[in-house]
1. Given a Förster distance of 25 Å, report the FRET efficiency between PHE83 and LEU50 from their Cβ-Cβ distance, rounded to the nearest 0.05.
2. Once R0 is set to 35 Å, what does the formula 1/(1 + (r/R0)^6) return for the Cβ-Cβ distance between VAL104 and ARG15, expressed as a FRET efficiency to the nearest 0.05?
3. For the range 72-112, what is the convex hull volume of its Cα atoms per residue in Å³?
4. With θ set to phi - 60° and the Karplus curve 6.51 cos²θ - 1.76 cosθ + 1.60, what are the ³J(HN,Hα) couplings of the range 80-97 in order, to the nearest whole Hz, using x for Gly and Pro?
5. Just order 52-58, 81-87 by mean Cβ neighbour count inside 10 Å, highest at the front, would you?
6. Based on the Kirkwood radius over alpha-carbon pairs, what is the Stokes-Einstein translational diffusion coefficient of the range 37-120 at 37 °C with 0.692 mPa s viscosity, in µm²/s?
7. Cα centroid distance between the range 112-133 and the range 28-50, in Å?
Amino acid sequence: MSAETPVQSAGTFTRLRLRFRDWRGHRPFWAGLFTLLGGVPIAYFPYATLKLGHMSIAMATTAGAGSLIIGVLLVTLGLTMWFQQATRIFAGVASILLALVSLVVSNIGGFLVGFLLALIGGALALSWVPDKPQAEAHGHRESSGGPAGDGARKGAAEGTGGEAGKPHPPYEDGDLGEADETRIEDRDRGHRVG
């Protein structure tokens, strides 16, 4: 390849896959998917008719309308988790409650399939926390230049601070490096110990 060869861009499928991965990473995707999928069997089974040869089996109950409402609400809550991340706590609690109600109303929660999916989706929604941006998570600290930069301890490089055969102390009294101060602050939930 020469310097004048044009760089080939990623294919359409790769770009779409990367955009979807980025979209999925900023929201409780799996919580919404499980909740959405949990609503389908809860709403479907009371209206389904299974045919075995000439015989038809109907799972219809007197609470078919309640099952349909619960299923539609779970699908709506799943979509809400995807597109309104700020309401994820409400959507998670509501999906757990609807899953519990579906045990009584809708053929044992869609034969436990819809119940379990909605319950897992609600729990995932409650446990999901948005990720902090990298600059905000680590603060705006400048690099010290690596091990040989200004942040290196002179005593360790010169060989002072200990006798032959004995380990050197990591720091002198009152001489905490920047990394040590950061570790102490992190252990004490951001409060400086000193």
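Just so it is clear, none of the values below were taken in a lab; they were calculated from the coordinates. Everything quoted here is computed from the prediction, not taken from an experiment. Neighbour counts run over all protein chains shown; Cβ positions are idealised from the backbone, glycine included.
1. 0.10
2. The pair VAL104/ARG15 has a calculated efficiency of 0.15.
3. Given the Cα convex hull of the range 72-112, per-residue volume reads 56 Å³.
4. Listing the rounded values in order: 5, 4, 6, 9, 9, 5, 5, 9, 5, 5, 4, 5, x, 5, 5, 5, 5, 5 Hz.
5. Taking the mean over residues of other Cβ atoms within 10 Å, the ranking is 81-87, 52-58.
6. Answer, rounded: 256 µm²/s.
7. After rounding, the separation between the Cα centres reads 14 Å.
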